[in-house]
1. Using +1 on the beta carbon of Lys and Arg, -1 on that of Asp and Glu, and nothing else charged, what's the dipole of region 27-185 about the Cα centre, debye to 20?
2. Can you give me the distance in nm between label points at Ser123 and Ser173, each placed 7 Å from the Cα along the Cα-to-Cβ direction?
3. ³J(HN,Hα) across region 172-188 via Karplus (A = 6.51, B = -1.76, C = 1.60, θ = phi - 60°), whole Hz, x for Gly/Pro?
4. Given the convex hull of the Cα atoms of region 27-185, what is a quarter of its surface area in nm²?
5. Can you flag which of Lys75/Lys187; Lys73/Lys153; Lys118/Lys158; Lys64/Lys136; Lys136/Lys165 are past 23 Å Cα-Cα?
6. Among the GluC sites (Glu not before Pro) in region 87-188, which ones are in a DSSP loop with at most 11 other Cβ atoms within 10 Å of the Cβ? Mind listing them?
Amino acid sequence: MKYAWIGFVIIVFLAACKGEAKKEETIIGKADSSLGSVWVKAKDGIIDTVLLNKTDTAFVCKPKPIKDDIGDKRKEYLTYVYFSNKDFPILTHKNAIGASLFLCDDLDGDGKPELLLKSDWFSSCWASINLYSIKKGNWKLIKQGSMYFCSDKYPLNKRIIKTEKGYGLLTDSLTDDKFITLKKEIKF
């Protein structure tokens, strides 16, 4: 009787697997704009998941790489950032093939955190560093600068500093073949 039961389970399993296999088209996301999500076909893009804090996650949707692309194969290079927190709108950043993110504290006193985004590009250790704030229901670029990310001196989470007047964004520059760090005042 024991072997009959095992045989029955095997027959049911094989019968269930007998169906025709579907050609799978990988789609990530869900087409529901009210939730801030979108269809992303695997052939069109790649999604990175970034844990922002204990409860919030960001999904960085970057364009899928094209062979031998150095920034000249597409009309636009857009990176989209979606958030698990429905209070955060979708962020669209131009001239990027990906992004690193850091969710800052509330810097302007409106009860919402700001977001620091380092955009990825094709070459070198230089990248733009961008501070965004939610204004009127959309992300607004507040401050922008350059970052030499091959140095660990000031990683992304150390780029916002408290100053006498409020906050500053640390940016990098090259002067007389020397790297210097500038402190740019953040004005909302």
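1. 280
2. Label-label distance for Ser123 and Ser173, simple model: 2.3 nm.
3. Coupling constants for region 172-188: 10, 8, 10, 10, 6, 6, 10, 7, 10, 10, 9, 10, 9, 5, 9, 10, 9 Hz.
4. Dividing the Cα hull surface by four gives the mean projection, 11.1 nm².
5. Lys75/Lys187; Lys73/Lys153; Lys64/Lys136; Lys136/Lys165
6. Here the sparse-neighbourhood loop sites are Glu164.
Just so you know, all these numbers are worked out from the coordinates, no wet-lab data involved. Everything numeric here is computed off the predicted structure, so don't read it as measured data. Positions of Cβ are backbone-derived with ideal geometry, glycine not excepted, and every protein chain shown enters the neighbour counts.
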